[in-house]
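To start, the structure under review is shown below, and the notes come after it.
The values are calculated or read from the model by the stated rules, or taken from the named source; none is laboratory data. Keep in mind that what you see is a predicted model, and the values were worked out from it rather than measured. All accessible areas refer to the heavy atoms of the entire protein, side chains included, with ligands and DNA or RNA removed. Shrake-Rupley method; radii C 1.70, N 1.55, O 1.52, S 1.80 Å.
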Amino acid sequence: MKKNIVLIGGSHGIGFAMAKELQKEHNVFVASRTKEEIADLNITHIPFDALTDTLDTAVLPEEIHGFAYCPGSINLKPLKMMSIDTFYEEMELNFFSLVKVVKTIISRMAENSSMVFFSTVAVGTGMPFHTSVAAAKAAVEGFARSLAAEYAPKIRVNVVAPSLVNTPLAKRLLNNDKKIEMMSERHPLKRVGEASDIAAIALFLLGDNSTWMTGQVVGVDGGMSSLNIN
């Protein structure tokens, strides 16, 4: 069955990897600030800034079968170097903007539809310098579980929790071979993630092979959250 899938933030990284696969078989609507990378894809682009805009439902289908919210941040600093505004900004992008979009489209979600959100390995595994992003993504996880309970069995809601992924968002952390090697060594599987690794799990959660999964946080993190082999 050809589905209507809505992605918030599908122009780069994980969202782009998802859009590239989904457009082969489904009707894909990508709401994002830019569209350069997705210009050649068979998708409908909606200009949208998650921080400032309200999603225009007039261009969306009446029935949505899959939804994913992809915007995120990597703001790794010691607590003493971050102002309270940093925490507000993290919550605004990762959590409040997500809630705003979900409230906008929830009435259009079809029977047996699926929502996918993104968290971080740092929620379940305490890591230095992750206080702001871990707090914001923990809110996403709590929201997802409650939403999954509230809308079962009509809508499934699951979360993907990656470790470090080689995307434009992580460019500062992976901008030379030494950094890549160092970050790879931290993971039991001895490499950092690729966008395709995370997209594959998100696509599984959006698809028909995961229809008995809801309220889950799925770690896709090279073993970081559960293995200690160093």
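Mind scanning LYS24/LYS154; LYS3/LYS103; LYS2/LYS137; LYS24/LYS179; LYS77/LYS171; LYS100/LYS137 and naming the pairs with a C-alpha gap bigger than 24 Å? Each step should come with its number before you reach the end.
Numbers: LYS24/LYS154 26 Å; LYS3/LYS103 21 Å; LYS2/LYS137 31 Å; LYS24/LYS179 35 Å; LYS77/LYS171 16 Å; LYS100/LYS137 16 Å.
Over 24 Å Cα-Cα: LYS24/LYS154; LYS2/LYS137; LYS24/LYS179.
Can you tell me the 0 to 90 degree angle between the C-alpha axis of helix 13-22 and the longest principal axis of the chain, rounded to 10? It is inclined by approximately 40 degrees.
When you restrict to C-alpha pairs under 8 Å that are six or more residues apart and normalise by the size of the stretch 1-105, the relative contact order lands at 28 percent.
Where the alpha-carbon atoms of the stretch 148-197 are placed on the principal axes, they occupy 47, 23, 15 Å, in descending order.
Per residue of the chain, the DSSP helices (runs of n ≥ 4 H) give a summed -39500 (n - 2.57) that works out to -9500 deg cm²/dmol at 222 nm. Put simply, the C-alpha atoms of the stretch 166-220 give a gyration tensor, and the ellipsoid matching it has half-axes of 28, 12, 8 Å, longest first. Given their separation in residues at 0.36 nm each and the Cα-Cα distance between them, ARG172 and GLU63 gain 35.3 nm when the chain is fully extended. Dividing the alpha-carbon radius of gyration of the chain by the rule-of-thumb value 2.2 N^0.38 Å gives 0.98. The slack between ALA152 and THR104, meaning 0.36 nm per residue of separation minus the straight C-alpha distance, is 15.4 nm. Taken per residue, the accessible surface of the chain reaches 51 Å², heavy atoms only and a 1.4 Å probe. With respect to the chain, whose longest principal axis is taken over its alpha-carbon atoms, helix 195-206 is tilted by about 40°.
Shown here is the pair-distance distribution of the stretch 123-230: with all Cα-Cα distances grouped in 5 Å bins from zero up to the longest one, the shares run 2, 11, 18, 21, 20, 14, 8, 4, 1, 0 percent.
Find the Rg to Rh ratio for the stretch 12-93, where Rh is the Kirkwood radius over alpha-carbon pairs and Rg uses the same atoms. Walk me through the numbers before you get to the answer.
Working: Rg = 15.6 Å, Rh = 14.7 Å.
We get a ratio of 1.05 for the stretch 12-93.
On full extension, the segment bounded by THR54 and GLU194 gains 47.3 nm, given 0.36 nm per residue less the C-alpha separation.
Taking the inverse of the average 1/r across all pairs of different Cα atoms in the stretch 12-56, what Kirkwood radius in Å do you get? Write down the numbers at each step before the final one.
Working: mean 1/r = 0.0920 Å⁻¹.
For the stretch 12-56, the Kirkwood estimate is 10.9 Å.
Mind checking the angle between helix 131-151 and the chain's longest principal axis? C-alpha axes, 0 to 90 degrees, to the nearest 10. Approximately 30 degrees, to the nearest ten.
Translational diffusion coefficient of the stretch 40-174 at 37 °C, 0.692 mPa s, Stokes-Einstein with Kirkwood Rh over Cα pairs, in µm²/s as a whole number.
Details: Rh = 16.1 Å.
The estimated diffusion coefficient comes to 203 µm²/s.
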